[in-house]
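Peer 1: Sharing a structure here in structure tokens format.
FYI, it's all coordinate maths here, none of it is from the lab. Just so you know, these numbers come straight off a predicted model, no measurement behind them. Because the Cβ atoms are built from the backbone with ideal geometry, glycine has one as well, and the counts that use them run over all protein chains shown.
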Amino acid sequence: AAEWGYTKRNGPFTWAKNYPTAAGIRQSPVDIDTALATSDSSLESKPLRWKYVPQNTRTIVNSGHGWRVDVDSEGSELVGGPLEGTYKLQQFHCHWGSSSDKGSEHTVDGQSYAAELHLVHWNSSKYADCGEAADYPDGLTVLGVLLKVGAKNPELQKVIDLIPSISHRGEKTEVKEAIDPAKMLPKTLSYWTYLGSLTVPPCNESVTWILFKEPVEVSEEQLAAFRSLRCYKRGEECPCDEVDGLLISNYRPTLPLGTRELRECGS
Ligand SMILES: COc1ccc2c(ccc[n+]2C(=O)c2ccc(S(N)(=O)=O)cc2)c1
Ligand SMILES: [Zn+2]
């Protein structure tokens, strides 16, 4: 089957053909209609807590759909808020657009941001690994951080510096200078949370989404670096009809929230 992607030929509106779950009723991303959000005292009573080990950020890879930093889950943990049990960090990555007026996956009252950072965690209290966890409704949790254009982001710069060595699909390199995921999170920890899915095929409906309300800044130059990644392998011709195979956009448009509850914690 033609590999899925973000072009007209293989983009989000074609995914349901090969990945039927993509047409489900618990899909992500969604537009956060802030008027619909209900504040929940149970969320306030169990603060979200995380622990990451910067030295455990191992490799960065060009997946063909973006960059992804794979992490050794050991020593990490995410608990509290809407979560039952302990979740461990598996990887983090980003979504962006061809220009900074779009690129985030979630939108807030219809407003898009320039990009969105995802920290993917799996339920290590109940499942053996991430792949298994992805098949269960409580298997994964993704912390989402909205990125807006502003000052250069020093922690993300450590990722940007590695992009030239993973310019083509499948290329990967060691992360020598430890990247601290905690430093990429916003200062205020208010968030929205709802039950959703992977925003990439196979779009498993196994994600508890936690989207921080406060955007974090990233510079135009840093966004431009993301767009310099290529979606095809070195030495192969470019399959995608994108501007010479540059990964200029890799976000999924929003899906209906439907009857799902949208809760918020913090103002
Ligand atoms: C069963 O099929 C899959 C597919 C992808 C899996 C995955 C398990 C963990 C992470 N991943 C991912 O690579 C992954 C997970 C989450 C996201 S996203 N954009 O945060 O929803 C993107 C990518 C399982
Ligand atoms: Zn993502």
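Peer 1: Are there any trypsin sites (Lys or Arg not before Pro) in segment 117-209 that are in a DSSP loop and have at most 12 other Cβ atoms within 10 Å? List them by number. List each step's numbers first, then the result.
Peer 2: Details: sites: 126, 148, 152, 158, 169, 172, 176, 183, 187; in loops: 126, 152, 169, 176, 187.
Taking segment 117-209 and a limit of 12 other Cβ atoms within 10 Å, the loop trypsin sites (Lys or Arg not before Pro) found are 176, 187.
Peer 1: Please list the radius of gyration and Dmax for the chain, considering alpha-carbon atoms only, with Å as the unit.
Peer 2: Reported Rg and Dmax, both Å: 17.4, 56.
Peer 1: May I have the extent of the alpha carbons of segment 82-158 along their three principal axes, as whole Å values ordered from largest to smallest?
Peer 2: For segment 82-158, the Cα spread along each principal axis is 40, 31, 21 Å.
Peer 1: Let me ask another. Jot down the radius of gyration and Dmax of segment 13-101, Cα atoms only, both in angstrom.
Peer 2: Using the Cα atoms of segment 13-101, the pair Rg, Dmax is 17.2, 43 Å.
Peer 1: Using only DSSP helix segments of four residues or longer, with each worth -39500 (n - 2.57), what per-residue ellipticity at 222 nm results for the chain after dividing by its residue count and rounding to 500? Display every interim value, and only then the final one.
Peer 2: Numbers: 5 runs with 27 residues, N = 267.
Calculated mean residue ellipticity at 222 nm is -2000 deg cm²/dmol.
Peer 1: Filter the chymotrypsin sites (Phe, Trp or Tyr not before Pro) in segment 4-62 to those in DSSP coil with at most 16 other Cβ atoms within 10 Å of their Cβ, and list the result.
Peer 2: Working: sites: 4, 6, 13, 15, 50, 52; in loops: 4, 6, 13, 52.
When the chymotrypsin sites (Phe, Trp or Tyr not before Pro) of segment 4-62 are filtered for loop state and at most 16 Cβ neighbours within 10 Å, 13 remain.
Peer 1: Leaving out same-chain residues fewer than 8 places away, which lysines sit with a Cα under 27 Å from that of residue 17?
Peer 2: 8, 102, 233
Peer 1: Does a label point 7 Å from the Cα of residue 49, set along Cα-to-beta-carbon, have any residues of segment 137-168 with amide nitrogen under 20 Å, and which are they?
Peer 2: Answer for this model: 141-143.
Peer 1: Compute the whole-percent fraction of alpha carbon pairs in segment 141-229 spaced more than 22 Å apart. Provide the component values of the computation, followed by the final result.
Peer 2: Values: 1629 of 3916 pairs.
I get 42 percent for the Cα pairs in segment 141-229 exceeding 22 Å.
Peer 1: Fewest to most neighbouring Cβ within 10 Å: what's the order for 267, 249?
Peer 2: Going from least to most buried by this count: 267, 249.
Peer 1: Got a sec? How would 193, 59 order by Cβ neighbour count within 10 Å, fewest to most? Walk me through the numbers on the way to the answer.
Peer 2: Details: 193 23, 59 16.
The fewest-first ordering by Cβ neighbours comes to 59, 193.
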